[in-house]
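The values are calculated or read from the model by the stated rules, or taken from the named source; none is laboratory data. What you see is a predicted model, and the numbers here were worked out from it, not measured in a lab. As a convention, Cβ positions derive from the backbone with ideal geometry for all residues, glycine included, and neighbour counts pool all protein chains shown. For the accessible areas, the whole protein counts, side chains as well, though only heavy atoms, and no ligand, DNA or RNA atoms are used. Shrake-Rupley method; radii C 1.70, N 1.55, O 1.52, S 1.80 Å.
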Amino acid sequence: MTQTKGTIVKVSGPLIVAKNMKNTNLFDIVRVGNLGLIGEIIEMHGDKASIQVYEETSGVGPGESVVSTNYPLSIELGPGLVGGIYDGIGRPLTLLREKAGERLTRGISAPTLSREKVWEFWPSVEAGDNLEAGAIVGSVQETSAIVHYIMLPPNISGKVTEISQGSFKIDDAIGKIQLENGSEYSLTLNQRSPVRKQRPVKEKLPPNTPLVTGQRVIDSLFPIAKGGVAAVPGPFGSGKTIVQHQLAKWADADIIVYIGCGERGNEMTDVLNEFPEIQDPKTGKTLMERTVLIANTSDMPVAAREASVYTGITIAEYFRDMGYSVALMADSTSRWAEALREMSGRLQEMPGEEGYPAYLGSRLAEFYERAGRVLTLNGKETALSVIGAVSPPGGDISEPVSQATLRIVKVFWNLDSQLAYKRHFPAINWLKSYSLYWDKIKDWFDENISSNWSALRAKILELLQEEAKLEEIVKLVGINAISSTDRMKMEAAKCIREDFLHQNAFHKVDTYTSLKKQFLMMSLILKYFDLATEVISRGATISEIASVPVKEQIGRFKYFSDDEIDKKYKEISTQIEIEIGKLAKGGDE
């Protein structure tokens, strides 16, 4: 394909305008200026193209050339992605450092996947087989935890005329496919996929199972479904990044894609330092063996933030198409929205609310819609879940990005700065958060964990809401003005907050809680509450109930490992009955 060569006529920060570009297409990748900076065409007017450049444009001026590749912004997909660290446009940062040293030079490029590494390919089809688009043709052992399934691209189908087993580099031909028009397609281990275009699936399915995260406030009160979308808004310092790190470490997904979109460099550094050292509870190997990192930090040009979001979701879709359950963390979509606002301003578009473009909501919707539980082209049922952090200025969720996100997502985990300042982690406000997936997945909890799960959850939420109402009364008239029964509700809610909802991310055991353990914890707290409420009517006082020794044991239950919980549950449950029973008037009945 012949390349189109234009000339720069205007430079405005990351926006370049070039003329003589009539033979190019929207969203084509171009090389800008003498340095060959990477850019993408985002608008066309006659023969003039507006280009957003993904690198610093200082020193670039009118008269320099712009060369189009005539290909859209794409990411190379194949063995070698897992465990890699890439920038927003898919360049491997480790390789760039080897080429350029500590400071990256502008215009530098490197292929996403290594051209030197040799992979052992095992075919699963034979010559003569007729294959549909997206069919699996074989596999490569990418890491000890992940088998990488080699698939036909979504636009290729035909008859296998040749397939080989053996050791291959990424560009080597492993087989040949005869297309319906009679031409021959050379099959390699890699393929390219446009990042702005959703990878096709056979069918989208309704979500019906939870994405287990091991975080009690999420799993028990505000669960997300596999294939679901969630938003984590909160002000600076409220723990958005820590929540996403916890989900990346512990979520029940085969592959994790973590996008650092415009966040501070030290936060991505924490990920890069921690993940290789964390032992994956599923495989016993390092967590990096099933993780892909997109590191687009705040010192990179704002335009690159948009590319990083699309690059990450395309990689996630690729592994979903293999049949893996994938969880994507985007931290944070507010930085992406800021990039859209800057480019919109430079394009002199009519601004919407607070200067954001009028199409902000539709862009966010396009991104979140790529999540879902699906039936892939090769017939596998799997899911891609997306959790996006939102960073509203001052924690004000009435601003446009938060509101546009809330209209799209089904789960809202509202992070509260007051809880964070009290060192309550996760700082998810139980009065403002919600999950619209609950009605679709509650049957799963009742069938797979306990038939009482829904009832316990409803009781927990009811007590927390009652506490909020009673606190308002106490502020006005004092604690002694409310009944003993209401004071017991406040005592139980305090127990729920401090012993159940509070979770130590840095504790070896408490960092992750299985669903069975969560159920037992809820059961102990509510048993304590129910028996205490009963003995109050028989003369026991709140101070006596609050000072029983077993209360401390209930709080320490979360530090027992799963091997111990059955035995400890029986012991503590029996102790609750004994100690609370003794408080009733008439002795130790």
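Observations
- Accessible surface of His424 - all protein chains present, 1.4 Å probe, nearest 10 Å²: 20 Å²
- 5 angstrom amide H check on Leu205, placed H, neighbours 5+ away: Arg373, Val374, Leu375
- Helix axis angle, 265-274 relative to the chain longest principal axis, alpha carbon, degrees: 70 degrees
- Probe 1.4 Å, all protein chains present, accessible-area order of Met329, Met350, largest first: Met350, Met329
- Solvent-accessible area of Arg487, all protein chains in place: 80 Å² (probe radius 1.4 Å, heavy atoms, ligands and nucleic acids excluded).
- Ordering Asp270, Asp321 by accessible surface, largest first, gives Asp270, Asp321; the 1.4 Å probe counts only protein heavy atoms, with every chain in place.
- Label-point separation in nm, Ile449 to Glu462, each point 7 Å along Cα→Cβ: 1.8 nm
- Here the relative contact order of the chain, from alpha carbon pairs under 8 Å that lie six or more residues apart, stands at 13 percent.
- J(HN,Hα) series, the range 534-548, from Karplus relation 6.51 cos²θ - 1.76 cosθ + 1.60, nearest Hz, glycine and proline x: 5, 6, 4, 5, 10, x, 6, 9, 4, 4, 5, 5, 6, 9, 5
- Counting only protein heavy atoms and using a 1.4 Å probe, the accessible area of Lys48 comes to about 100 Å².
- Around the amide H of Gln141, modelled in the peptide plane, lie the amide H atoms of Glu120, His148, all under 5 Å away and 5 or more residues distant in sequence or on another chain.
- Karplus-derived 3J(HN,Hα), 6.51/-1.76/1.60, for each residue of the range 360-371, Hz, glycine and proline x: 3, x, 5, 5, 5, 5, 4, 5, 5, 5, 6, 7
- The modelled label-to-label distance between Ser167 and Leu179, using points 7 Å beyond Cα along the C-beta direction, is 3.3 nm.
- In the context of the full set of protein chains, residues of the chain present 42 Å² of accessible surface per residue (probe radius 1.4 Å, heavy atoms only).
- Cβ-based net charge around Lys202, under 13 Å, with every Lys or Arg adding one and every Asp or Glu removing one: +1
- Projected label distance in nm at Glu349 and Lys159, using a 7 Å step from Cα toward the beta-carbon: 4.9 nm
- Among beta bridges identified by DSSP and lying wholly in the chain, the antiparallel ones come to about 70 percent.
- Measuring nothing but how far apart in sequence close Cα pairs (under 8 Å, 6+ apart) lie, relative to its length, the range 407-451 scores a relative contact order of 36 percent.
- Ile156 long-range amide H proximity, modeled H, under 5 Å: Gly134
- Solvent exposure, largest accessible area first (probe 1.4 Å, DNA, RNA and ligands not counted), of Ile16, Ile473: Ile473, Ile16
- Karplus-derived 3J(HN,Hα), 6.51/-1.76/1.60, for each residue of the range 509-525, Hz, glycine and proline x: 8, 6, 4, 9, 10, 5, 5, 4, 5, 4, 5, 5, 5, 4, 5, 5, 4
- Share of Cα-Cα pairs in the range 437-589 lying beyond 22 Å, as whole percent: 46 percent
- The residues neighbouring Arg487, those whose beta-carbon lies less than 14 Å from its own, together hold a net charge of -3 under the Lys/Arg +1, Asp/Glu -1 convention.
- Nearest 10 degrees, 0 to 90: helix 240-250 Cα axis against the chain principal axis: 90 degrees
- In the chain, the longest principal axis of the Cα atoms and the axis of helix 303-321 are about 80 degrees apart.
- Rg to Rh quotient for the chain, alpha carbon positions, Kirkwood Rh: 1.05
- Note on the chain: helix-only mean residue ellipticity at 222 nm, from DSSP H runs of 4+ residues weighted -39500 (n - 2.57) and normalised by residue number, equals -9500 deg cm²/dmol.
- Computed over the range 1-52: relative contact order in percent, which uses C-alpha pairs under 8 Å that are six or more apart: 33 percent
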